[in-house]
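Asker: Sharing a structure with you now.
The values are calculated or read from the model by the stated rules, or taken from the named source; none is laboratory data. The model shown is predicted, which means the values in this text are computed figures rather than measured ones. No Cβ is skipped: glycine too gets one built from the backbone with ideal geometry, and neighbour counts run over all protein chains shown. Just the protein is used for accessible areas: all its heavy atoms, side chains included, with ligands, DNA and RNA removed. Shrake-Rupley method; radii C 1.70, N 1.55, O 1.52, S 1.80 Å.
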Amino acid sequence: MNRDTIYHFEKGSKETTFSYDDSLPALPLPTLSQTLKRYYESLRPFGTAEELRNSKDIIEDFRTGIGGKLHAILEEKAKHEKNWVAKWWEDYAYLSLRMPLIPYCVMVQPLMFETVGLETKPENFLRGAAICCTINVRFWKLIRTEKLRPVMSADKKIIFSSDQYRRLFNTVRVPGTEMDKIVCHFKTEKEGWCPSHVLVIYKGRIFKVESFHDDGEELSAQDFLLVFQQIQHRVDTEDTNQQPVTLLTHDDRSTWAQNRKHLMELSENNKNALRDIETATSLFSLDTNCPSDYSDLAVKTLIGDLRCRWADKSCATVFFPNGKSGCLGEHCCYDGTISMAVSLYAMLTLVEDGIPDWTIPARKVVTPVEVVFDVDSKLSDEISRMKTVADKMQNTVTVSVDQFSGYGKDYMKSRKIHPDAWTQTAMLLAYHRLHGSFAPTYETAMMRQFYQGRTETCRSCSMEAVHFIEAMNNPKESSNTKASLFKTAANRQSELMNEARKGNGFDRHLFALWCIAYEQGLPVPELYDDPLYSKSGGGGNFILSTSTLGFTINCGFVAPMCLDGYGSFYSILTDTLWSMITAYKDSEVTSCRKLQAAFFEAMEDIRYILEEDATAKL
């Protein structure tokens, strides 16, 4: 694995980053009967016989009544739009949400750069930031020149959309009183000029830094280091009365929209300041905390020194005084696969290029330009209020990051079971053991092989999983039976995931039908008010929100979907697995550390029953 084989085109290739996007196949639209059949099957683990009979009647009424009419409208829409759900998903799943982006909506990655040579020590506070700046600019340039290779199969029969890369840089989520909007200032070289400056925030003070010298050469790590040193010196030695306007971005979206509007109305200077912030390629945050371990790093990346976060920016990298680092991604702009691609690129760059020679002086002194807002008494009061809110945010989300070292993907594959299906089934078992119930579970199914594709829901808690969990909790059942039921459950999970990736999921379809009813002012169909709809996870009520992060060391997470739920994310390596579990501190039900312990125990128990079964057959 190296950068060339993953990120660069072969020499002489005439392909470009976005050359395949317009020709990708349209997002499939299942028939209404197919969707409702799959939906009913997903209800079975969560309903009594009477509840299921009632749901079956509701589903049939929906199919023959309003559902059929809504589907006919959707079919017509699908004839003219290659992705019939994209705009609705962006608007109603993301942009309509009114809660603060941090900690509820953003994607987070604690970066493990020490594994590739960048030591965790105070000397690397600013040096690490400088290195990441150079890597960031290089990746931005790859996309801008359209030389970033799209993900594709060797025979090019499957090509993933690169469309989300357009909103990785130079992009902002602008708050609105009722609905936000995404504003992207990025352009490829063919499309024209776009801003190339980065943003640096330290203790609430904001600086604009040009990424290129006057002759067009990008700043080196040594150049960026000198910039960061200037910023640190100025902020730590100057006595100013500047207030951290950055805190306003962590409010609920409607209130922040009002304050942003007031900022712009207050002065032309504020309009220019906002433009500098919102058009910047990316954000680099110098935090004041010193995280102790990976779990603490995960939390502090999400809700550390909130003075140095501008929540609306599409991507941000956070650096800590002890040399640790992490990054944030605004989920509406792009999905986690994009974040993982960037972090893997950074890891490979450190491996292949090594650490810069810091004895080499900066080529030229680049002076950071401070971005200063005019603030009146109203905004001053709002900032004071947000200081209290920001303090309370420190106690919202808890994260447990740990390594399961019992085995990894090689062992799972040796048992002819897909590693992701294996891990999902183990997590369902762990949840049931801890809470005594079956968890409605969301797993991300990637849909980027379709035009502007994003994700579909794979509902992992199948009846096959239920049968396996019941057997595991029955001491009278033999290892042979348990092993057999585990294989059946894991294989069913693989089938569900494969079907979802082919466009045969049902959650986005049901969501689109709801959107049609909503936009046409129709009453909400009974299907969506059925208690089993929400009990099975519908409407964003999944107790377990999960995703596999692939087969590299890079990890990431988001907050749980609901108060008494969990986020569960994992990276599966050759002989180990990294697990990240999130929960809300206000929940009186959940504990991410207890679930992680139960998950690791479940992983060991599954190996035990498989090996007992194999021994019994000898």
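Asker: Considering region 386-434 alone, what residues qualify as being polar (S, T, N, Q) and within 23 Å of the chain's Cα centre (by Cα)?
Answerer: Scanning region 386-434 gives Q394, N395, T396, T398, S400, Q403, T423, Q424, T425.
Asker: If you take the residues of region 342-371 that are polar (S, T, N, Q) and open to solvent by less than 20 Å² (accessible area, probe 1.4 Å), which of them is farthest from L274 (Cα to Cα)?
Answerer: Step one: filter region 342-371 for residues polar (S, T, N, Q), giving 343, 349, 359, 367.
Still in the list and also open to solvent by less than 20 Å² (accessible area, probe 1.4 Å): 343, 349.
Values: S343: 28, T349: 32 Å.
Filtering region 342-371 for residues that are polar (S, T, N, Q) and open to solvent by less than 20 Å² (accessible area, probe 1.4 Å), the one farthest from L274 (Cα to Cα) comes out as T349.
Asker: I need every pair where a residue in region 455-468 that is at pLDDT 95 or above and assigned to a loop (DSSP other than H, G, I, E, B) has its Cβ under 9 Å from the Cβ of a residue that is basic (K, R) and surrounded by fewer than 23 Cβ atoms within 10 Å (Cβ to Cβ), sequence separation at least 6 or different chains.
Answerer: Listed pairs, sorted by first residue: S462/R44; S462/R492.
Asker: Here's something else I'd like to know. Identify all residues within region 92-110 that are in a helix (DSSP H, G or I), open to solvent by 20 Å² or more (accessible area, probe 1.4 Å) and farther than 20 Å from F569 by Cα; write none if there are none. Lay out the reasoning, then the answer.
Answerer: Filtering region 92-110 down to residues in a helix (DSSP H, G or I) leaves 92-95, 101-104.
From what is left, the residues that are open to solvent by 20 Å² or more (accessible area, probe 1.4 Å) are 92-94, 104.
Result: Y92, A93, Y94.
Per-residue answers, yes or no, for (1) open to solvent by less than 10 Å² (accessible area, probe 1.4 Å); (2) part of a helix (DSSP H, G or I); (3) over 19 Å from V371 (Cα atoms):
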residue	(1), (2), (3)
N259	yes, yes, no
M264	no, yes, no
N272	no, yes, no
T281	yes, no, no
T288	no, no, yes
P291	yes, no, yes
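Asker: Are any of the residues in region 132-142 open to solvent by less than 40 Å² (accessible area, probe 1.4 Å), touching a residue at least 24 places away in the same chain (Cβ under 8 Å) and within 18 Å of the chain's Cα centre (by Cα)?
Answerer: Taking every residue of region 132-142 in turn, none turns out to be open to solvent by less than 40 Å² (accessible area, probe 1.4 Å), touching a residue at least 24 places away in the same chain (Cβ under 8 Å) and within 18 Å of the chain's Cα centre (by Cα).
Condition check ((1) without any contact (Cβ under 8 Å) to a residue 12 or more places away in the chain; (2) under 25 Å from the mean Cα position of the chain (by Cα); (3) assigned to a loop (DSSP other than H, G, I, E, B)) across all residues:
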position	(1), (2), (3)
G12	yes, no, yes
P28	no, yes, yes
Y40	no, no, no
E50	yes, no, no
S55	no, no, no
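Asker: Given the conditions (1) open to solvent by less than 10 Å² (accessible area, probe 1.4 Å); (2) at negative phi; (3) not in a loop (DSSP other than H, G, I, E, B), which single one is not true for C555?
Answerer: The number of the failed condition is (3).
Asker: Condition check: closer than 30 Å to W358 by Cα and of a type in the set (V, I, T). Does V235 satisfy that?
Answerer: yes
Asker: Another question about this same structure. Looking only at residues in region 402-452 that are of a type in the set (A, V, I, L, M) and assigned to a helix (DSSP H, G or I), which one is most open to solvent (accessible area, probe 1.4 Å)?
Answerer: Of everything passing the filter in region 402-452, L434 is most open to solvent (accessible area, probe 1.4 Å).
Asker: Considering region 78-91 alone, what residues qualify as being touching a residue at least 60 places away in the same chain (Cβ under 8 Å) and either open to solvent by less than 30 Å² (accessible area, probe 1.4 Å) or closer than 22 Å to Y518 by Cβ (or both)?
Answerer: Matches in region 78-91: N83, W84, V85, A86, W88, W89, E90, D91.
Asker: Which residues, counting only those in region 95-145, are closer than 30 Å to G565 by Cβ and touching a Cys at 6+ places or on another chain (Cβ under 8 Å)? Working first, answer last.
Answerer: If we filter region 95-145 for residues that are closer than 30 Å to G565 by Cβ, which is where we start, we get 95-112.
The answer is L95, L97, M99, C105, V108, Q109, P110, L111, M112.
Asker: So, S339, is that one among the polar types (S, T, N, Q), farther than 24 Å from T134 by Cβ and open to solvent by less than 30 Å² (accessible area, probe 1.4 Å) or not?
Answerer: Against the criterion (among the polar types (S, T, N, Q), farther than 24 Å from T134 by Cβ and open to solvent by less than 30 Å² (accessible area, probe 1.4 Å)), S339 does not qualify.
Asker: Please go through (1) closer than 25 Å to M463 by Cα; (2) open to solvent by 30 Å² or more (accessible area, probe 1.4 Å); (3) not aliphatic (A, V, I, L, M) for K69 and return the number of the only condition it doesn't satisfy.
Answerer: (1)
Asker: Name the residues in region 151-172 that are at pLDDT 95 or above and not in a helix (DSSP H, G or I), would you?
Answerer: Hits for region 151-172 are I159, F160, S161, S162, L168, F169, N170, T171, V172.
Asker: Based on this model, can you work out whether G537 counts as on the phi > 0 side of the Ramachandran plot and crowded, with 22+ Cβ neighbours inside 10 Å?
Answerer: Taking the combined requirement at face value, the residue satisfies it.
Asker: Scan region 12-47 residue by residue and report those that are open to solvent by 70 Å² or more (accessible area, probe 1.4 Å) and closer than 12 Å to R149 by Cα.
Answerer: Correct list: K14 only.
Asker: Tally time: how many residues in region 217-257 are among the polar types (S, T, N, Q), under 30 Å from K181 (Cα atoms) and part of a helix (DSSP H, G or I)?
Answerer: Number of matching residues: 4.
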